[in-house]
1. Within the range 201-215, is even one residue in contact (Cβ under 8 Å) with a residue 40 or more places away in the chain, crowded, with 23+ Cβ neighbours inside 10 Å and farther than 23 Å from D139 by Cβ?
2. Restricting to strands (runs of 3 or more DSSP E) lying wholly in the range 52-134: which have 2 or more residues that are buried (at least 21 other Cβ atoms within 10 Å of the Cβ) and at pLDDT 85 or above?
3. Can you find a residue that is modelled with pLDDT of 90 or more and hydrophobic (A, V, I, L, M, F, W, C) anywhere in the range 196-206?
Amino acid sequence: MNLATFIAGRFLRSRRNRGFISFITFFAIVGITVGVAALIITLSILRGFENTIRENIIGFTAHLQIYGFQNQALLNPDVSIRKITERFPEIRSISPYVSREAMIRSEHGIDGILLKGIVPDGMMYPGKRYLVEGSAVLDRTSEGLEPVILGKRLAERLRVTVGDPVLVFALGGYSLTLSQTRIMKFRVAGVYETGMEEYDASYVYVDLRNAQRLFQYGTAVSGFDVLVADPDRITPLAQEIPEVLGYPHYGRTMFQQYRNLFSWIDLQKSQIPILLALIIAVAMVNIIGALLMMVMEKTKEIAVLRALGAARGTVNRVFLLQGMFIGVIGTFLGNVLAYGLCWVEQTSKLISLPAGVYYMTHVPIELHWSDFAVVSGAALLLCYLCSLAPSRLAGKSDPVPLLRFATS
């Protein structure tokens, strides 16, 4: 242990530090603790928001969609799928779908929906991922009725449960006009809930063949849901695939389709530096104030050390170490506090959100080691910088005036 470390430890353990100086030091540590914890929690919530919304969107639209220009039906889907898989090996999954507006009716009500016919085994969809009641199987039941999967909000509005029959009215189609209406009777096989109220109240899933028959599509489809192995390739593939398939194929990424949601997330992220600056500024003022009070309180000790031949650098390091001690303790406690609060929210889900506004029912939190590392590193660096001025002030002091001041 060198001299500066030894003296810094004695200063921190000194009984004379248990008065006003100790009070100031305590609040300096509290300021750093709260600042570090607040920033880590904010980053964890924003990461959770982004990933939750991204997963929910992928559950509805995949990474990108290939569909017909001006909603034209796409003929020969098997040929298109073969061309895509042969030309683009980075595509993880591709699944055809038929999607159109329709009306759904139960014994207790009627509502507008977006009916989507899918290949159940082709791709993950909300009926599997977020199922809360019933089954996600879209095969024909023993009763002879074709199964349908509804969102929880829609099921509540129609007042239906698993096993209840519903009627679906096709509003137009590939070979149908709005004046021509086809009706199919389905049985509610399952109910899903994503927490995104807009979709839980409108999206309905059936087997692809049923949707083709209802809308008179034959073997044609509305488009293809595509999952990509590399997220960085989503935007380029949205341009390259339509070029290979030709007109009327058109590509659209999930970032384009849900631009408002991702813009909202980016807007929230842009506020982090401002919040960080305000929180850290308060903590840094506390550190500087605490160290300056320590320098004034230790005037006699500084004078004695300088008179005994202690170099300016030694005195500098004494108070620099004290500032870093405050920073290390505050940062450590901030990490513990942030982890504890995030863990409680993850396990208990105490904070609920209106699904119609935030597209989820509870505050999503995703802990990641990089958030802890970056915030802790930034806090320690700022603590070091804020400790430089008070420590240099102590080191530059002249021992003779200090001794006169201390004994007067």
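The values are calculated or read from the model by the stated rules, or taken from the named source; none is laboratory data. Predicted model only: the values in this text are computed from it and were never measured. As a convention, Cβ positions derive from the backbone with ideal geometry for all residues, glycine included, and neighbour counts pool all protein chains shown.
1. No, the range 201-215 contains no residue that is in contact (Cβ under 8 Å) with a residue 40 or more places away in the chain, crowded, with 23+ Cβ neighbours inside 10 Å and farther than 23 Å from D139 by Cβ.
2. The strands (runs of 3 or more DSSP E) meeting that bar are 64-68, 91-105, 110-118.
3. So far as the range 196-206 goes, yes, one or more of its residues are modelled with pLDDT of 90 or more and hydrophobic (A, V, I, L, M, F, W, C).
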